[in-house]
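Colleague: Sharing a structure, written as structure tokens. Questions coming.
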Amino acid sequence: MTPLKEECLRLPGLIDCHVHFREPGGEQKETMATGARSARAGGVLTVCDMPNTSPPTVTVTALEDKVRRAAQVKDCDIRFFFGATKREHLDELKRLWTDQKLHSLKARCAGLKVYMDHSTGNQGMEESLIPEAFKLCAELSIPLVAHCEDPEINRRATEELKQKDITAHSLMRPPESEERAVARVIELASQYGTHTHATHISSRDAMTLIRTAKANGVPITCDVTPHHLFLTIDDYAKLGTLAKMNPPLRSIRSAAHQSALWAAITDGTVDCIASDHAPHTLAEKQTADILKAPSGVPGVETMLPLLLTVAAGKWPGPKLQATNYKLQVEDIVRLCFTNPNRIFSLRAPSGDRVEVKMSEEWVIHGNALHSKCGWTPYEGWKVVGKITPL
Ligand code: DOR
Ligand code: ZN
């Protein structure tokens, strides 16, 4: 990072190690081209795209197709996670990693994504296969990214549910669900020695488990998302289904989840911040059956401005939520460039590729952002930092 003058910074092109660019199969929500344009406008020049597309990225052929499409996209370097729900998908991953002829394709693959429970795209892995995935990834040194929610706890919480308004979504996927899945992932990472990355950690006690596991030498890393750092269940009132995602927003009354995530950034437990950019069209989100609205929020373009605003000593959201969370620009570079670059062996260039004018403030409007979905959960928020890719 190069400070030019006080108000103008130069940064490496940031890495967002968790996005859903929806191509192929979900092009009404986003394409690789529109997702990449949105990333670039937000100072993100490398992304790792998730496998829950249609078809899902669970075969070498599906990965080849995505890599071919991404080669046409110039705004951003798109890498891919492989997915697996069945044994044959793990066989395909093994072939990708071991067949010399697939060497250059393998270089575009950042690792394996394992969904411990179903989310958008129904990619939940068969329970009996989960240890095999950890074993294979350990043997071949493949990073394993885990979506940590427990299907049993989610199922029970959903059955017991009385409420029907949108806040029910957070009750259907409670913090204990994430905590139990994180405990399981830690156990498997420790048993097999798999390099495991727990993505979008959203709750206090799950984060405590990761902190302890790291202290005990378990090979685990983790990321948090901007939406869990900046939004809570109180935002359902204004956003309705636009605030629905998995894992869901958490309460700041029953437990201090949000402040626990910020504390874990400060003490180094959090390795990365990643957007989980998950665009859906407004029409899909604003369905009458609110609990059936698809889960996910866009975020690749707003991640850096939101974080820069905190680095400037301000809070971008509504005043009533204002806090004194701390972050330096150096932390942003570590969390959104250096660490994901190392964890996923991405070899993204470290030279300055983005300029930020810290003296400029602007207001986020969904229709001015570049994602095809055209909306943002941060509508009207005031942020710091005009971003220009160099
Ligand atoms: O909220 C989410 N949206 N969570 C996921 O796990 C998937 C994602 C999507 O693809 O829409
Ligand atoms: Zn995701």
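Colleague: Where residues in segment 321-357 are among the acidic types (Asp, Glu) and either on the phi > 0 side of the Ramachandran plot or more than 21 Å from the chain's Cα centre (by Cα) (or both), which of them is least open to solvent (accessible area, probe 1.4 Å)? Quick ask: steps written out before the conclusion?
Modeller: In the first step, residues of segment 321-357 are kept if they are among the acidic types (Asp, Glu); the result is 330-331, 352, 355.
Within this subset, residues satisfying the condition of being either on the phi > 0 side of the Ramachandran plot or more than 21 Å from the chain's Cα centre (by Cα) (or both) are 352, 355.
Numbers: Asp352: 59, Glu355: 34 Å².
If we take residues in segment 321-357 being among the acidic types (Asp, Glu) and either on the phi > 0 side of the Ramachandran plot or more than 21 Å from the chain's Cα centre (by Cα) (or both), then Glu355 is least open to solvent (accessible area, probe 1.4 Å).
Colleague: Name the residue, out of Pro318, Pro305, Pro279, that is open to solvent by less than 60 Å² (accessible area, probe 1.4 Å) and either closer than 23 Å to Ile142 by Cα or within 16 Å of ligand 2 (Cβ to nearest atom) (or both). Even if it seems obvious, please write down each step before you answer.
Modeller: Numbers: Pro318 fails: either closer than 23 Å to Ile142 by Cα or within 16 Å of ligand 2 (Cβ to nearest atom) (or both); Pro305 fails: either closer than 23 Å to Ile142 by Cα or within 16 Å of ligand 2 (Cβ to nearest atom) (or both).
When all the criteria are applied, what remains is Pro279.
Colleague: In segment 67-123, which residue that is more than 16 Å from ligand 1 (Cβ to nearest atom) and β-branched (Val, Ile, Thr) is surrounded by the fewest Cβ atoms within 10 Å (Cβ to Cβ)?
Modeller: Applying the filter and picking the extreme gives Thr98.
Colleague: Taking Leu307, is it at pLDDT below 95 and not in a loop (DSSP other than H, G, I, E, B)?
Modeller: On the way: at pLDDT below 95: no; not in a loop (DSSP other than H, G, I, E, B): yes.
No; evaluated as a whole, the condition is false for this residue.
Colleague: Follow-up. Among (1) open to solvent by less than 30 Å² (accessible area, probe 1.4 Å); (2) part of a loop (DSSP other than H, G, I, E, B), where does Glu379 come up short?
Modeller: (1)
Colleague: Here is a further query. Mind checking which residues of segment 247-259 are away from ligand 1 (no atom under 16 Å from the Cβ) and either open to solvent by 20 Å² or more (accessible area, probe 1.4 Å) or not in a helix (DSSP H, G or I) (or both)? Break it down into steps so the answer makes sense when it comes.
Modeller: Pass one, segment 247-259, residues away from ligand 1 (no atom under 16 Å from the Cβ): 251-259.
Of everything in segment 247-259, those that are away from ligand 1 (no atom under 16 Å from the Cβ) and either open to solvent by 20 Å² or more (accessible area, probe 1.4 Å) or not in a helix (DSSP H, G or I) (or both) turn out to be Ser251, Ile252, Arg253, Ser254, Ala255, Ala256, Ser259.
Colleague: Okay, next question. Out of Gly313, Gly366, which single residue is small (Gly, Ala, Ser) and open to solvent by less than 60 Å² (accessible area, probe 1.4 Å)?
Modeller: Working: Gly313 fails: open to solvent by less than 60 Å² (accessible area, probe 1.4 Å).
Only one candidate qualifies: Gly366.
Colleague: Can you name the number of the only condition in (1) surrounded by fewer than 22 Cβ atoms within 10 Å (Cβ to Cβ); (2) within 15 Å of ligand 1 (Cβ to nearest atom); (3) of a type outside the set (Gly, Ala, Ser); (4) part of a helix (DSSP H, G or I) that Ile166 fails?
Modeller: Only one criterion in (1) surrounded by fewer than 22 Cβ atoms within 10 Å (Cβ to Cβ); (2) within 15 Å of ligand 1 (Cβ to nearest atom); (3) of a type outside the set (Gly, Ala, Ser); (4) part of a helix (DSSP H, G or I) is unmet by Ile166, namely (4).
Colleague: Of the residues that make up segment 89-108, is at least one touching a residue at least 60 places away in the same chain (Cβ under 8 Å) and within 25 Å of Glu126 (Cα to Cα)? Give the steps one after another, and end with the answer.
Modeller: Initial filter on segment 89-108 (touching a residue at least 60 places away in the same chain (Cβ under 8 Å)): none.
No, segment 89-108 contains no residue that is touching a residue at least 60 places away in the same chain (Cβ under 8 Å) and within 25 Å of Glu126 (Cα to Cα).
Colleague: Would it be correct to say that Arg342 is in contact with a strand residue (DSSP E or B) (Cβ under 8 Å, 6 or more places away or on another chain), over 18 Å from Lys314 (Cβ atoms) and not in a loop (DSSP other than H, G, I, E, B)?
Modeller: On the way: in contact with a strand residue (DSSP E or B) (Cβ under 8 Å, 6 or more places away or on another chain): no; over 18 Å from Lys314 (Cβ atoms): yes; not in a loop (DSSP other than H, G, I, E, B): yes.
Judged against the criteria, Arg342 is not a match.
Colleague: Here is a further query. Are any residues in segment 258-278 among the aliphatic types (A, V, I, L, M), in contact with a Cys (Cβ under 7 Å, 6 or more places away or on another chain) and under 18 Å from Leu209 (Cβ atoms), and if so, which ones?
Modeller: Within segment 258-278, Val270 is the sole residue that qualifies.
Colleague: Continuing with the same structure: Within segment 221-246, work out how many residues are touching a Lys or Arg at 6+ places or on another chain (Cβ under 8 Å), assigned to a helix (DSSP H, G or I) and within 16 Å of ligand 2 (Cβ to nearest atom).
Modeller: The qualifying residues number 1.
Colleague: Among the residues of segment 196-218, which ones are assigned to a loop (DSSP other than H, G, I, E, B) and in contact (Cβ under 8 Å) with a residue 60 or more places away in the chain? Full working, then the answer.
Modeller: Here is the first cut: in segment 196-218, the residues assigned to a loop (DSSP other than H, G, I, E, B) are 200-203, 216-218.
Scanning segment 196-218 gives His200, Ile201.
Colleague: Filtering segment 16-57 down to residues that are open to solvent by less than 10 Å² (accessible area, probe 1.4 Å) and of a type in the set (Val, Ile, Thr), which residue is farthest from Ala133 (Cα to Cα)?
Modeller: Val44
The values are calculated or read from the model by the stated rules, or taken from the named source; none is laboratory data. These figures come from a predicted structure and were not determined experimentally. Quick reminder, even Gly has a Cβ in these numbers, built from the backbone with ideal geometry, and neighbours come from all protein chains shown. Side chains are part of the model used for accessible areas, which takes the heavy atoms of the whole protein and leaves out ligands, DNA and RNA. Shrake-Rupley method; radii C 1.70, N 1.55, O 1.52, S 1.80 Å.
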